[in-house]
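Please read the structure below before turning to the comments.
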Amino acid sequence: MSTDAAQLTVGGFEVEVVRKPIKNLHLGVYPPHGRVRVAAPLEMGDEAVRLAVVTRLAWIKRQQAKFAAQPRQSERRYVSGETHFFLGQRYRLNLIEGARSGQVRVRNSKTIDLHVRDDSDLDIRERVFLDWYRRELRARARPLMERWAAEYGIATPNWGIKRMKTKWGTCNIEARRVWLNLELIKKPPQCLEYVIVHELAHFFERNHTEQFVALLDRMLPNWRIVRDELNAEPLAHDDWST
């Protein structure tokens, strides 16, 4: 659990610093805009943190440049002709009005049909589509969560789905709850499995320690390849709340 949090300015950008009861400093750069976050030992002062970040500035800037260069989806209007992603594939949306109730169907390998009532506005079309995304993700995540919990030798934790801007998943050890990012339904299926394996590993190692990495290596040897594939996927339009 975090015991202290602060913001430092290093190299012209803001760095989020969270102090925890850990031995080593951990630095991460996160999508979509290259946010920099440092987890530091409780006793480490600001100057020591600043120095550690400065020594990694070149790497930080390379990571931020990668995020800036990633393809990004435009704002969704849920009208015919838009591109939408599902399970790592690109589809053309076909809006069909006049339906008695909203529903979504994958017609073929290129087209997704969105059926709505005649009086449906943007909010309604979006809700119908996102509800479909949520159902699809839940149906695919449930057997994976149960399977991998069994592989780890633990009871299947409580888990849910929500929209998150900076994380593909989170794990609350005390509450024994895992959250999955709704955006995962857009990504290749192996990405969902990787995130589930990653989050369940936190029940054994709270932080991204060497032991945590070794656990992932044992459970899912190709996790680095899948992680890189996930982070290379198009980013969502980010004008939505968490």
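Here is a check on your reading of the model: is Ala68 within 28 Å of Asn231 (Cα to Cα), of a type in the set (Gly, Ala, Ser), exposed (fewer than 15 other Cβ atoms within 10 Å of the Cβ) and modelled with pLDDT of 95 or more?
No; evaluated as a whole, the condition is false for this residue.
Scan (1) without any contact (Cβ under 8 Å) to a residue 40 or more places away in the chain; (2) surrounded by fewer than 19 Cβ atoms within 10 Å (Cβ to Cβ); (3) aliphatic (A, V, I, L, M) for the single condition Leu114 breaks and write down its number.
All conditions pass for Leu114, except number (2).
Consider Arg100 carefully, then state whether it is more than 19 Å from Lys187 (Cα to Cα), open to solvent by less than 40 Å² (accessible area, probe 1.4 Å) and basic (Lys, Arg).
Against the criterion (more than 19 Å from Lys187 (Cα to Cα), open to solvent by less than 40 Å² (accessible area, probe 1.4 Å) and basic (Lys, Arg)), Arg100 does not qualify.
Can you pull out every residue in segment 118-140 that is free of Cβ contacts under 8 Å to residues at least 40 places away in the same chain and either of a type in the set (Lys, Arg) or open to solvent by 50 Å² or more (accessible area, probe 1.4 Å) (or both)?
Asp118, Asp119, Asp121, Asp123, Ile124, Arg127, Asp131, Arg135, Arg138, Ala139, listed by residue number.
Just the residues that are within 20 Å of His208 (Cβ to Cβ), open to solvent by 40 Å² or more (accessible area, probe 1.4 Å) and either of a type in the set (Lys, Arg) or in contact (Cβ under 8 Å) with a residue 40 or more places away in the chain (or both), please, taken from segment 25-59.
Across segment 25-59, the qualifying residues are His26, Tyr30, Arg35, Arg37, Arg56.
Yes/no matrix, rows are residues, columns are (1) within 15 Å of Arg140 (Cβ to Cβ); (2) modelled with pLDDT under 95; (3) in a helix (DSSP H, G or I):
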site: Trp179; (1), (2), (3): no, no, no
site: Glu183; (1), (2), (3): yes, yes, yes
site: Ile196; (1), (2), (3): yes, no, yes
site: Leu215; (1), (2), (3): no, no, yes
site: Arg224; (1), (2), (3): no, yes, yes
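Which condition breaks for Glu151 when tested against (1) in contact with a strand residue (DSSP E or B) (Cβ under 9 Å, 6 or more places away or on another chain); (2) at pLDDT 95 or above?
Exception for Glu151: condition (1).
Suppose we filter Thr170, Thr209 for residues that are more than 18 Å from the chain's Cα centre (by Cα), of a type in the set (Ser, Thr, Tyr) and within 21 Å of Val18 (Cα to Cα); which single one remains?
Thr209
Quick one: is Asn231 surrounded by 15 or more Cβ atoms within 10 Å (Cβ to Cβ) and either farther than 26 Å from His84 by Cα or modelled with pLDDT under 95 (or both)?
So Asn231 passes the test.
The values are calculated or read from the model by the stated rules, or taken from the named source; none is laboratory data. Just so we're clear, the structure is a prediction, and the values are computed from it rather than from any experiment. Cβ atoms come from the backbone with ideal geometry, glycine included; neighbour counts cover every protein chain shown. We work out accessible area using only protein heavy atoms, side chains counted, and drop any ligands, DNA or RNA first. Shrake-Rupley method; radii C 1.70, N 1.55, O 1.52, S 1.80 Å.
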